[in-house]
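First comes the structure, then the notes that go with it.
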Amino acid sequence: MQNLKAIVIGAGIGGLTAGIALRQAGYEVEIYDRVKEMRPVGAGISVWSNGVKVLNRLGLGDRMAEIGGIMNRMQYHTKAGELLNYIELAPLIHKVGQRPYPVARRDLQKMLMAAFPGEVHLDCRCIGVEEDDHGVTVQFINGREARGDFLVAADGIRSVLRSYVVGREVEPQYVGYVNWNGLVPADAELSPPESWVIYVGEHKRASLMPVAGDRLYFFLDVPLPKGTPANPDTYREELKAHFAGWAEPVQRLIDRFDPYTVARPEIHDVGPIDRYVRGRVALLGDAAHATCPDLGQGGCQAMEDALVLANYLLTTNISIEYALKRYESERMARANAVVEKARKRAEQIHGKDPAVTQQWYHQLATEKPTDVTDAISKVILAGPLR
Ligand code: FAD
C-alpha cells in the first residue's frame with residue numbers, strides 16, 4: 001500500500017525503529033512521546049544478531065558497528081571466580097551470519113533518533129485513540145490530537161493503548177528479581193577485553209560486557225521481594241552485602257560504579273497476550289511482549305516487529321487491517337515464544353525452584369560451549385531475517 005500516514009506512540013527502541021522502517025517504506029510518520037527530553041532508561045543492552053540484522057536491513061549496520069562493543073567470548077564463573085565455562089562466540093557468529101553488539105543505550109537511542117528523518121514530538125502523553133472507517137485519531141493529555149491512517153502503539157511495558165487492543169487490562173508481572181545496571185570504564189582488572197563475563201551463585205548474577213568507548217556495561221541481579229526500598233545512597237552498601245565473598249572483580253565493580261547513574265528496575269514481563277492488533281492499531285515492542293532480559297531479546301524483538309510491520313504494509317494492497325493482521329499472526333507466534341522462553345530462563349537463573357538453579361550451575365560446568373552457542377543461534381534464526 002502507498003501514501004499512508006502512520007502515528008507512532010513511543011520513541012523507544014521499538015517506536016524509533018518502526019519510524020525508520022515505515023519512512024523507508026515511503027510512508028509519512030509522526031512519532032510522539034510523553035517525555036520532555038529523550039533519556040533512555042537503563043545503561044546498556046545487548047543487541048543480538050537478529051536485532052543487528054534488522055538494523056543492517058535499514059542501512060544502519062555501519063553505525064551499529066561503530067557504537068557496538070566487540071564481544072568474542074562468554075565466560076561463566078562461580079561466585080568465587082572459578083571458571084565454569086569458556087564459550088567462543090565465533091561459531092555463533094558464523095552460524096547466524098552477524099555478530100551481536102552490546103551497546104550503551106544512550107548511543108543506540110542517539111543513533112536511532114539521528115536515523116529517523118522526521119520530528120519526534122515530545123511532551124505528548126497519549127491518553128486514547130478513536131478509529132473510524134478512514135483512520136485513527138489519537139488524543140494527548142495536552143489537548144492535542146493527531147490523525148493518521150494507522151497507529152503503532154510502541155508505548156512500552158505500561159502501555160496505555162494495550163487495553164484498547166486486547167480488550168482488558170494486562171498487568172505486567174514481577175519476575176522476582178531486581179537488576180542494578182550501569183556503565184564503568186573498561187579495565188582488565190574487571191574483565192578481559194572482548195569478553196562477556198558472568199559470575200553466578202546464590203541465584204544471583206554479576207555480569208560485565210564491553211561497549212564502545214572503552215566502557216563496560218554491567219548488571220547485578222538479586223532476587224528480592226517486590227517493592228524492596230531502594231535508595232542510590234545505599235546501593236553500594238547493599239550490593240556489598242548481597243555479593244559478600246564473591247570474586248575480586250565483582251567487589252571492584254561495586255567499589256567503582258557511580259550509584260547515581262545506576263538504574264535499578266524490578267524486572268517484569270507481559271504476556272504472552274493473544275492480540276497485538278485491533279483494526280488500525282498495532283501494538284509493537286514491550287507494549288505487546290515485554291520480555292525478561294535473561295535472553296537479551298526484548299529490544300531485538302521490537303526491532304523485528306518494526307521490520308515485519310513495514311513489510312506487510314508495503315507488500316499488500318488489500319487493506320491496512322489485513323496487513324496488520326498478518327503482522328499480528330507472524331509476530332505473535334515469534335515474540336510470545338520468546339516471552340515464555342525468557343521467563344523460564346529468568347526462573348532458572350534466579351532460583352524459583354532452587355533445585356533447577358543448582359542443576360543449571362552443574363550444566364554450565366559440563367555442557368559443550370557449542371551447545372550454548374547452538375541454543376542462542378536457535379533463538380536468533382527463528383527471526384524474520386535468517
Ligand atoms: P520502551 O523502550 O519502554 O519505550 C516506550 C516509549 O514510550 C518511552 O519512550 C515512553 O516514554 C513512551 N511512552 C510510554 N507511554 C506513553 C504515552 N502514554 N504517550 C506517549 N509516549 C509514551 N533487550 C534486548 O534486546 N537486549 C538486552 O540485552 C536487554 N536487556 C535488558 C535489560 C533490562 C534490565 C531491561 C529492563 C530490559 C532489557 N531489554 C533488553 C529489553 C528492552 O530494553 C526492551 O524490550 C526495549 O527497550 C523495548 O522498547 P520499546 O520501544 O518497546 O519500549
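The values are calculated or read from the model by the stated rules, or taken from the named source; none is laboratory data. For clarity, every value in this text was computed on a predicted model and none was experimentally measured. Methodologically, a virtual Cβ is constructed for each residue, glycine included, from the backbone with ideal geometry; neighbour enumeration extends over all protein chains shown. Accessible surface areas use protein heavy atoms only, side chains included; no ligands, DNA or RNA. Shrake-Rupley method; radii C 1.70, N 1.55, O 1.52, S 1.80 Å.
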- prompt: Residue farthest toward the positive end of the dipole of the chain, with Cβ of Lys/Arg at +1 and Asp/Glu at -1: which of 307, 14, 108?
  reply: 307
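Kindly provide the helix-only [θ] at 222 nm of the chain, computed as the sum of -39,500 (n - 2.57) over DSSP H runs of four or more divided by all residues, to the nearest 500 deg cm²/dmol? Let's see the in-between values first.
Details: 13 runs with 145 residues, N = 386.
Roughly -11500 deg cm²/dmol at 222 nm, from the helical runs in the chain.
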- line: Within segment 200-220, the residues whose backbone N lies under 15 Å from a label point placed 7 Å from the Cα of residue 70 along the Cα-to-Cβ direction are 210-215
message: Please compute the modelled spin-label separation between residue 363 and residue 144, points set 7 Å along Cα→Cβ, answer in nm with one decimal.
response: 4.8 nm
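First select every other residue whose beta carbon is under 14 angstrom from the beta carbon of residue 132; then total the charges, Lys and Arg +1, Asp and Glu -1.
Values: positive: 147, 278, 280; negative: 130, 131, 133, 145, 149, 321.
Charge balance near residue 132 sits at -3.
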field: Where labels lie 7 Å past Cα in the beta-carbon direction, separation of residue 113 and residue 80 in nm
entry: 4.8 nm
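Beyond a 32 Å Cα-Cα separation, which of these cross-linked pairs lie in this structure: 204/368; 79/226; 5/378; 79/344; 110/352; 110/368? Mind showing how you got there, number by number?
Numbers: 204/368 23 Å; 79/226 24 Å; 5/378 36 Å; 79/344 22 Å; 110/352 37 Å; 110/368 38 Å.
Over 32 Å apart, Cα to Cα: 5/378; 110/352; 110/368.
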query: Roughly how many percent of the accessible protein surface of the chain is carbon and sulfur, given a 1.4 Å probe and a whole-percent answer?
result: 49 percent
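Among DSSP beta bridges whose residues both lie in the chain, state the antiparallel percentage, nearest 5. Each step should come with its number before you reach the end.
Numbers: 45 of 65 bridges.
Given both bridge residues lie in the chain, the antiparallel proportion sits at roughly 70 percent.
Quote the charge dipole size of the chain about the Cα centre in Debye, to the nearest 20; the model charges only the Cβ of Lys and Arg (+1) and of Asp and Glu (-1). The partial results should precede the final answer.
Numbers: 45 positive and 48 negative charges, 82 e Å.
Dipole about the Cα centre, nearest 20: 400 debye.
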Residue-normalised accessible area of segment 232-367, expressed per residue, 1.4 Å probe, Å²: 40 Å²
- line: Out of 333, 287, 369 - ranked by how far each Cα lies towards the positive end of the dipole of segment 279-386, with unit charges on the beta-carbon of charged residues - the top one is 333
- prompt: What ³J(HN,Hα) values, in whole Hz, does the Karplus curve 6.51 cos²θ - 1.76 cosθ + 1.60 give for segment 358-369 when θ = phi - 60°, with x put for Gly and Pro?
  reply: 4, 4, 5, 4, 5, 4, 4, 6, 10, 6, 6, x
task: Could you compute the FRET efficiency for residue 356 and residue 106, with r as their C-beta to C-beta distance and R0 at 25 Å, rounded to 0.05?
output: 0.10
message: Just to be sure I understand the model, the point goes 7 Å from the Cα along the line to the Cβ. What's the resulting residue 94 to residue 132 distance in nm?
response: 6.1 nm
query: When ligands, DNA and RNA are left out and all protein chains stay put, how many square angstrom of accessible area per residue does segment 9-105 have with a 1.4 Å probe?
result: 39 Å²
